[in-house]
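Trainee: Structure provided below as structure tokens; questions to follow.
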Amino acid sequence: MKRNESCAGELLNELKDGVSSVLLAQALMLPEEEFLAFYAAANETCLREKGKYVHLRAIIEFSNCCRRQCRYCGLRSENRRIERYRMRESEIAETAAEAAEAGYKTIILQSAEDPWYTADKLAEIVEAVTSLGTIVTLSVGERSPEEYRVWKEAGATRYLLKHETADPGLYRTLHPCGTLEERLDCLRELRGLGYEVGSGFMVGLPGQTPETIANDILLLGDLGCEMAGIGPFVPSPDTPLKDAAGGSAELTKRALALTRILYPGMALPATTALSVIAPEIRDTAFGAGADVVMKTVTPNRYRKLYTIYPAPGVGTTNIADDRRKVEEKIRSLDRIPL
Ligand code: 5AD
């Protein structure tokens, strides 16, 4: 036990001296009791940098129409089993107003990759939502530099676009419609335009190794991300990967903790995918480096159609009540909701 602890301690010190993918991969694979030192360090870092605050952010999933074919995603265009929807501008604005009224200060406008929302159309939506006094984060996939620029000028200040996996070969197998390099070009473009940029990746993808996850973590730093969403892969029915094994909640939480240790100031959500596979582990993510929760405020009739992966209990009463419940949960974990 003693020897194990000091072994983890040494690894932790080495990481602080100079990070490498070999060290990160070793840490990811430590026996459970040895990893506890990393959780403690992640929590300490989080409390030092962020205090006890957990930021609540609202997500409006405004379209599930997708032009891409990502092999893990239930919204892929080849999936004919789901009913597709697009929210109109007025509906998006009404939903955003209700979320702002309930206390949300940041609204994430997220959709599948849907070019039906032209640059101008989406710019109008961004303007309508920023006029409520909220920060607008966009998460609508790969678009042209010009479109990114138009939305920035319309008032969007943040952009989420996960790199999904840092392994170019694995990326290719999973994404018939694009390459890792194209994804990274978008992320660099967004950064150049002055967006605060969020990337992220999935843990437990078929064919992924601890070294891949280590490289995923390092890539977040290379990209200069302000945010990162790290979630487990959840097999989704009606996709080519429906029978693949899902990602482990524990490994996801480890990747989160290591990311917090390496990048103390980064915004790191306790992801929805994590809460779907292991609600109790998601709760403990706040003691392992997470400082953000994203809560869907998508109207009920659409929410059940935004099936990236199966999620139980997608129904809601209303946005304000839902928010109060999340706030209570966060307080019960000795954190302060913002
Ligand atoms: N499991 C977990 N996360 C998924 N995503 C898509 N499909 C899945 C899945 N099956 C995530 C990806 C993508 C975001 C829209 O959802 O990270 O960026």
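The values are calculated or read from the model by the stated rules, or taken from the named source; none is laboratory data. Everything quoted here is computed from the prediction, not taken from an experiment. A quick note on method: Cβ atoms are made from the backbone with ideal geometry, for glycine too, and the neighbour counts reach across all protein chains shown. Side chains included, ligands, DNA and RNA excluded: accessible areas come from the protein's heavy atoms. Shrake-Rupley method; radii C 1.70, N 1.55, O 1.52, S 1.80 Å.
Trainee: Show me the three semi-axes of the equivalent ellipsoid for the stretch 3-337, from the C-alpha gyration tensor (sqrt of 5 times each eigenvalue), largest first, rounded to whole Å.
Mentor: 31, 23, 20
Trainee: Accessible surface of residue 219 in the full protein assembly, 1.4 angstrom probe, to the nearest 10 Å²?
Mentor: We get 30 Å² for residue 219.
Trainee: So, one more: For the chain, give the percent of accessible area contributed by carbon and sulfur heavy atoms, probe 1.4 Å, rounded to a whole number.
Mentor: Of the solvent-accessible surface of the chain, carbon and sulfur hold 52 percent.
Trainee: Also, I was wondering about something else. Give the aspartates and glutamates reachable from residue 152 as a straight Cα distance under 16 Å; neighbours fewer than 8 places away on the same chain don't count.
Mentor: Filter leaves 120, 124, 127, 142, 189, 196.
Trainee: Okay, moving on. Rank 30, 276, 214 by how far each Cα sits towards the positive end of the charge dipole of the chain (+1 on Lys, Arg Cβ; -1 on Asp, Glu Cβ) and give me just the farthest.
Mentor: 276
Trainee: Work out the length of the dipole vector of the stretch 3-337 about its Cα centre, built from +1 on the beta-carbon of each Lys and Arg and -1 on the beta-carbon of each Asp and Glu, and round it to the nearest 20 debye.
Mentor: The dipole of the stretch 3-337 has a size of about 720 debye.
Trainee: Which loop-located GluC sites (Glu not before Pro) does the stretch 1-110 contain, where loop means any DSSP state but H, G, I, E or B and the Cβ has at most 16 other Cβ atoms within 10 Å?
Mentor: Listed in order of number, the matching sites are 78, 83.
Trainee: Sort 131, 236 by heavy-atom solvent-accessible area, probe 1.4 angstrom, most to least.
Mentor: The residues order as 131, 236, largest area first.
Trainee: Shifting gears a bit: Can you flag which of 52/253; 304/325; 50/304; 16/329; 105/329; 253/329 are past 27 Å Cα-Cα?
Mentor: Flagged as over cut-off: 50/304; 16/329.
Trainee: For residue 267, which sequence-distant residues (separation of 5 or more, or a different chain) have an amide H within less than 5 Å of its own amide H, given hydrogens modelled in the peptide plane?
Mentor: Placed amide hydrogens put 227, 228 under 5 Å from residue 267.
Trainee: Then there is this: Which residues among the stretch 277-311 fall inside the zone where the amide N is under 14 Å from a point 7 Å beyond the Cα of residue 52, along Cα→Cβ?
Mentor: What the label zone holds, given the 14 Å backbone N cut-off, is 287.
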